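One structure is given here, and the rest of the page talks about it.
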Amino acid sequence: MKRYLLTIHQPDGPPPPPEALRKIMRDVGAVIEEIKSAGAWLFNGGLHPPSTATVLRPPRDAAGDALATDGPFAEGKEHIGGLFIVKAPDLDAALEWGRKLARATTLPIEVRPFQGDVAD
């Protein structure tokens, strides 16, 4: 089995209204349970807004310390709102989990394999 990162891309701005958010969270919870029941779940989590991020940049010289700045690494109209790590036999199976998450979250899901992964 290979590992795949499923990234939830969330638009900047306020969250959906409470009634819509309740349905989304219920649907996401059902997908999480399905992934776990299938033995494909490794990790999932939601992230705080990008305004809470701290970016560390490499020093300009060997004696320097990493430069820390507030805010997201890149300015954009969307950010990573959460992520899943799943194991799947192939990309098609990982994409199916991504499709289910896209339906549940109503947001774009990026699916990427980990480098150097080997079969269990």
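The values are calculated or read from the model by the stated rules, or taken from the named source; none is laboratory data. A quick note: this is a predicted structure, and the numbers were derived from the prediction, not measured. All Cβ positions, glycine included, derive from the backbone under ideal geometry; neighbour counts span all protein chains shown. These accessible areas exclude ligands, DNA and RNA; they are computed on the full protein's heavy atoms, side chains included. Shrake-Rupley method; radii C 1.70, N 1.55, O 1.52, S 1.80 Å.
Each of [x] 17.0, 53; [y] 13.9, 51; [z] 13.8, 41 is a candidate for Rg and Dmax of the Cα atoms in Å; the one calculated from this structure is [x].
For the chain, the residue among ILE35, PRO108, HIS48 whose Cα projects farthest onto the positive side of the dipole built from Cβ charges is ILE35. A 1.4 Å probe run over the stretch 10-71, with the rest of the protein chains in place, finds 75 Å² accessible per residue. Computed from point charges on the beta carbon alone (+1 for Lys and Arg, -1 for Asp and Glu), the dipole magnitude for the stretch 1-99 about its Cα centre is near 200 Debye. Each Lys or Arg adds one and each Asp or Glu takes one away; over the other residues whose Cβ falls under 14 Å from the Cβ of HIS9, this sums to -1. List every residue whose amide H lies under 5 Å from the amide H of LEU47, counting only residues 5 or more places away in sequence or on a different chain, with H placed 1.01 Å from N in the peptide plane. HN-HN under 5 Å from LEU47: GLY82.
When you count the other C-beta atoms within 10 angstrom of each residue and take the mean per peptide, 96-102, 111-117 line up highest first as 96-102, 111-117.
When a 1.4 Å probe is rolled over the protein heavy atoms, the share of accessible surface on the chain that falls to carbon and sulfur comes to 59 percent. With respect to the chain, whose longest principal axis is taken over its alpha-carbon atoms, helix 18-37 is tilted by about 80°. Pairs of lysines in the chain whose Cα atoms sit within less than 27 Å of one another amount to 11, provided the residues are eight or more positions apart or on different chains.
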